[in-house]
C-alpha cells in the first residue's frame with residue numbers, strides 16, 4: 001500500500017528544513033503583529049493607525065511582488081531565503097534594542113512592519129516555490145496543507161505568546177524573543193542544498209514580468225484563482241487588524257485576553273488544515289477554495305457583531321477553518337497549473353494580488369474611524385460575500 005503523501009514529506013530532509021524555516025517565520029510574524037497592534041493602539045488610541053501598521057506589512061507585495069518573483073528566478077533560492085531571514089532578524093533586533101532603551105516610537109514600528117513586509121512578499125516566490133519543487137505534483141496538496149497548517153498553528157501560539165510577553169516583559173521582551181525564534185530556521189536554511197535557477201532567464205526584468213502576465217492571460221484557471229485571492233485580501237484579511245481594537249473596546253479584554261482571542265483564528269485554521277491534509281481529494285479543491293472564503297467572510301461578520309468573548313472566539317475559530325481552505329488551495333491551485341520554469345514569476349504575481357490588500361486596510365481603517373470598528377468590520381464581510389457572488393462566472397473556471 002503506497003505511503004500517505006504527508007508521511008513521506010516528513011521523511012524528506014529538505015522538506016523538513018523548509019518547514020522549520022517556515023515555522024520560525026510564522027511564529028514571529030503573528031507574535032509581532034499582535035504586539036505591534038496592541039502597543040500602537042495603547043499609544044495612539046487610533047484604529048486607523050493600527051490598520052495602517054498591518055497594511056504596511058502587505059504593501060511591499062503590491063509594490064515589489066512581480067519584481068521579487070523575477071529576482072527569485074535569477075538567483076540561488078537557498079541564498080535568497082537566508083538573506084530574507086537575516087533581514088528579519090536584524091529588524092526584530094533593532095526594535096528590541098530601541099524598546100530596551102525606552103526610545104521606540106510608532107514610526108519605528110511602521111518602518112519595521114514595512115521591512116518585514118518585503119520579506120513576506122518574498123515568501124511565495126522563494127520558500128514556497130522551493131516547497132513545490134521538493135514535493136512534486138503528487139504531494140503538492142499535502143505539502144501546502146502542512147505549510148498552511150503550520151502557519152495556522154503559529155497563529156494560535158504567536159498571538160497568545162505575544163500578548164503574554166507584552167503584559168509581562170514589555171515590547172522589548174517580545175521582539176528579543178523573536179530573534180531567538182529565528183535561530184532554528186536559520187540553521188535549517190544553512191543545511192539546505194543549493195537551489196539554482198530552473199533555467200536561463202530573459203536578460204530584461206520587465207520582459208520576464210511581461211512573460212508572467214502573458215502566461216496568466218492564457219490560463220483562465222490561474223486568472224480566476226488570483227481574482228479570488230484579490231477579493232480575500234481586499235475584504236477579508238484587513239479585519240485581523242481590528243481584533244485588538246474590538247477585543248479592547250467592545251469585549252473589554254486586556255493584552256493577554258486579546259492575544260488568546262486572536263489565537264482562536266489559528267485554532268480553527270489548524271483544525272481545517274489537518275482535515276484537508278488527510279481527507280481532501282483533487283476533485284474537491286475548487287469547492288474547498290471557494291467554500292473557505294465564503295465561510296471566512298460570513299464568520300468575520302459574526303465576530304464583528306458578537307458582544308460576548310466566547311461567541312467572538314467561536315466566530316474566529318470558524319474564520320480559521322474557512323481561511324485554511326482558502327490558504328491551502330491558493331498556492332496548490334497556482335502551483336499545479338504552472339510549469340516549474342514559470343512558478344516564481346506567477347507566485348510573484350500572486351504576491352501582487354495579496355499586496356493590493358492595503359486598499360482594503362485603508363478602507364477599513366477610515367470606516368472604523370467614522371462608524372466604529374465593529375460596524376466597519378461587519379460591512380467588509382458583507383461586501384466580500386457580495387463581491388464573491390458577483391464574480392461567480394470567473395471562479396467557476398477553476
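Okay, residues lined up against (1) surrounded by fewer than 24 Cβ atoms within 10 Å (Cβ to Cβ); (2) without any contact (Cβ under 8 Å) to a residue 24 or more places away in the chain; (3) touching a strand residue (DSSP E or B) at 6+ places or on another chain (Cβ under 9 Å):
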residue: 111; (1), (2), (3): yes, yes, no
residue: 115; (1), (2), (3): yes, no, no
residue: 143; (1), (2), (3): no, no, no
residue: 148; (1), (2), (3): no, no, no
residue: 156; (1), (2), (3): yes, no, no
residue: 167; (1), (2), (3): yes, no, no
residue: 175; (1), (2), (3): no, no, no
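Do we have residue 371 as modelled with pLDDT of 95 or more and surrounded by fewer than 17 Cβ atoms within 10 Å (Cβ to Cβ) here? Talk me through it step by step, then tell me what you get.
Details: modelled with pLDDT of 95 or more: no; surrounded by fewer than 17 Cβ atoms within 10 Å (Cβ to Cβ): yes.
No: the conditions fail for residue 371.
Does segment 242-264 contain at least one residue that is closer than 27 Å to residue 138 by Cα and touching a helix residue (DSSP H, G or I) at 6+ places or on another chain (Cβ under 9 Å)?
Keep residues of segment 242-264 that are closer than 27 Å to residue 138 by Cα, which gives none.
Looking through segment 242-264, none of the residues is closer than 27 Å to residue 138 by Cα and touching a helix residue (DSSP H, G or I) at 6+ places or on another chain (Cβ under 9 Å).
Taking interchain pairs and intrachain pairs at least six residues apart, which have beta carbon atoms under 8 angstrom, with the first residue in segment 213-226 and at pLDDT below 75 and the second in a helix (DSSP H, G or I)?
Here the result reads 213/349; 216/222; 216/223; 216/226; 216/346; 216/349, each pair linking segment 213-226 to a residue that is in a helix (DSSP H, G or I).
Is it fair to say residue 193 is at pLDDT 85 or above, out of contact with any strand residue (DSSP E or B) (no Cβ under 8 Å at 6 or more places or on another chain) and part of a loop (DSSP other than H, G, I, E, B)?
Working: at pLDDT 85 or above: yes; out of contact with any strand residue (DSSP E or B) (no Cβ under 8 Å at 6 or more places or on another chain): yes; part of a loop (DSSP other than H, G, I, E, B): yes.
Criteria met by residue 193.
Which condition number in (1) touching a helix residue (DSSP H, G or I) at 6+ places or on another chain (Cβ under 7 Å); (2) at pLDDT 85 or above is the one that residue 187 fails?
Single failed check for residue 187: (1).
Looking at segment 5-101, what helices (runs of 4 or more DSSP H) fall wholly within it and have at least 1 residues that are under 19 Å from the mean Cα position of the chain (by Cα) and either modelled with pLDDT under 85 or more than 24 Å from residue 367 (Cβ to Cβ) (or both)?
Working: elements: 5-9, 13-44, 47-73, 77-100.
In segment 5-101, the matching helices (runs of 4 or more DSSP H) lie at 13-44, 47-73, 77-100.
The values are calculated or read from the model by the stated rules, or taken from the named source; none is laboratory data. Quick caveat, the model's predicted, so the values are computed rather than measured. All Cβ positions, glycine included, derive from the backbone under ideal geometry; neighbour counts span all protein chains shown.
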